[in-house]
Structures are given as C-alpha cells and as structure tokens.
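Notes follow the structure.
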Amino acid sequence: MAEANQNIVDDEVFSEGENTKKKRGNNFFTLVRKALLYLLYLVLLGVFVVAVSTITVNTLQRQYQITNASGPVIADTQLNITEDLDFFTQVGEIRGSLLDDERKTYIVEIYLGYKPGDQLTLQELTRKRVQIRERVLFYFNSSYAVDLEDTRNEIRIKNELREIINRMLNNKINEVTIYNLQVIDF
C-alpha cells in the first residue's frame, strides 16, 4: 500500500511538472499572440492616420483652388510684365473733367515703359508727346469717377491706354504706369 501511495504521489508530481511546462508554453504563446495583436493595432492606426491626413490635404487643396479661382486669367495684363523697362516721364500732369453729373475733376500723371536703350521709341515718344497727352486727356474726359476710383479697373485702364498710345506709334510701348491719379469734387 505504501508503494501504491508512492505511485499516486509520483503521478501527482509528474502531472504537476507537465502542467507547469504546459503553463509555461501557454504563457509564451499568449505573450507572442498579444505582441502580434498590439503590432496589428499599431499598423492599423498608422494606416488610419495616413488615410485621414491624405483626405484632409486633398480637401484643403481643393478648397484652396476653389476659393482662389478668380475666373479666366487675362493673358495680356500689365501685372505679368517682369522685364526691366525704361520709362518716358515727360507726358506730364494732365487735368480734366469727368462725365459725372456732379462736376468732378481728375488729375493724372502717367509714365510709358519701353525696352531699355531703345532710342527710336524714346525719340518717337518725345516727338509725339503732345498727341499722346491729347489722347490720354480724351480717354479720361470720357470716363466716370466710379470707373477711375475703383482699383479693380486699374489694369483695364492701363491696358486700354497702352493700346490707344500704341496705335499712334511705330515703335510700341510695353507698359503704362499710372504714377498719380486723383479724382476731386468741383
């Protein structure tokens, strides 16, 4: 009987050893499984952050393009001129009356830009200075104060003046700069 008890005790010790080995084995696989699960969570979180960032950037770019779209771009605007120019400044100050019902007077001084060192254009501008003043005077005399005071019309005015002046010249100017423009109530 003592031997039977010894066998039972040995069986219990043996089975406890197997359980300990099983528990250790289970603990290792549990830890590996948890580590892989955390790694999967991190990968999914990274994918989520990248997706949200991409969507946000694309949305902001689309909104920026919509809010900054100002209609068709005029190809021949004086704001696009980046070349160095010489300026003819002897047109002088021009004064006249506007078409408004209330009497309004304008005072304008313009400079005419041409290619640097172009002596033919300079000579022609000097020779036709009086005719240029007359055309500019006529242009502004046929305008209203609202058109001249609105800064959004400045590019249009400069382009129209350039076209008017270039029609009377053989050597074309590149730019008209409005040095001074005032509208005064009289």
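Readers should treat all values here as calculations from the given coordinates under stated rules, not as data from a laboratory. Note that the structure is a prediction, hence the values are computed from the model and not measured. Virtual Cβ from ideal backbone geometry, glycine too; neighbours counted across all protein chains shown.
Using the Cβ-Cβ distance between residue 154 and residue 127 with R0 = 30 Å, the FRET efficiency computed as 1/(1 + (r/R0)^6) comes to roughly 0.60. Taking 18 Å as the cut-off, the amide N atoms of segment 95-112 that come nearer than this to a point 7 Å along the Cα-to-beta-carbon line of residue 144 belong to 97-106. Which of rounded, prolate or oblate describes segment 142-186 when judged by the alpha-carbon gyration tensor and an a/c cut-off of 1.5? The shape class here is prolate. If you plug the beta carbon distance of residue 179 and residue 102 into 1/(1 + (r/R0)^6) with R0 = 25 Å, you get a FRET efficiency near 0.45.
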